[in-house]
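To start, the structure under review is shown below, and the notes come after it.
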Amino acid sequence: MRVKLAPLAAEVFAPFGTVAVSPAEGLRADLSGALQNWRSDARARLSLNNRPPTALPHLGPMMERHPYSSQTFMPLQVSRYLAIVAPPGPGGGPDLRRLLGFVASGKQVVSYNAATWHFPLTVLDTHGKFAVLMWTVGHDDTEFVTLPEPLEIDPV
């Protein structure tokens, strides 16, 4: 399946989560309304990721979701990255007919809603460093699915 990428726009992305832009100097962006945790025994997990760049075109064989919590990607040193999303389908897996693909800038924070299917963190152009926030009980809040055919992600 071929994925058409568009610049990340908060209003189009809204059914899948929240997009925020780094605030101007001296200002603050509050993302607490975007954070979701559906288990009282889960703990916040804040991690740092350093990802190598991926060249496009690229074939993506899988998607993931976090059924019980949001997952927030805060760019620390990033050029651009992918935000490819799909709602759950009738069988629980991603509904690829309603898949949307976006390119986020290094100034855009993405917070995926709980249970939103998304493509694994994929950066473009140069190495990308992120802070990532989600809630876990052990490592049981990540579900992966191998797609019937890989996503074909073309250059922007």
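Values in this text are rule-based calculations from the coordinates and carry no lab data. Remember, it's a predicted structure, so these values are computed and weren't measured experimentally. Here the Cβ is made from the backbone with ideal geometry for all residues, glycine too, and neighbour counts use every protein chain on show.
3J(HN,Hα) couplings calculated from phi for segment 141-156 with the Karplus curve 6.51 cos²θ - 1.76 cosθ + 1.60 (θ = phi - 60°) are, in sequence order, 10, 10, 10, 10, 9, 7, 6, x, 9, x, 6, 9, 9, 8, x, 7 Hz; Gly and Pro show x.
Could you compute how fast segment 70-130 diffuses translationally, taking Rh as the Kirkwood radius over C-alpha pairs and applying Stokes-Einstein at 4 °C with viscosity 1.567 mPa s? Give it in µm² per second. Let's see the in-between values first.
Numbers: Rh = 12.1 Å.
Reported coefficient: 107 µm²/s.
Segment Asp125..Arg28, full-extension length gain: 32.1 nm, with 0.36 nm per residue of separation and the alpha-carbon distance subtracted.
Computed from the alpha carbon positions, the gyration tensor of segment 112-156 leads to an equivalent ellipsoid with semi-axes of 23, 18, 9 Å, biggest first. Distance between the C-alpha centres of segment 110-156 and segment 54-80: 3 Å, rounded to the whole angstrom.
Just round it to a whole percent: the fraction of Cα-Cα distances in the chain exceeding 27 Å. Let's see the in-between values first.
Numbers: 2153 of 12090 pairs.
More than 27 Å apart: 18 percent of the Cα pairs in the chain.
Helical runs assigned H by DSSP (4 residues or longer) give the chain a calculated mean residue ellipticity at 222 nm of -500 deg cm²/dmol, each run adding -39500 (n - 2.57) before division by the residue total.
With Cβ to Cβ distances under 9 Å as the rule, what net charge do the other residues near His66 carry (K, R +1; D, E -1)?
Details: positive: Arg65; negative: Glu64, Asp141, Glu143.
Summing Lys and Arg as +1 and Asp and Glu as -1 gives -2.
Between Leu76 and Arg51, the simple label model (points 7 Å from Cα in the Cβ direction) yields a spacing of 1.5 nm.
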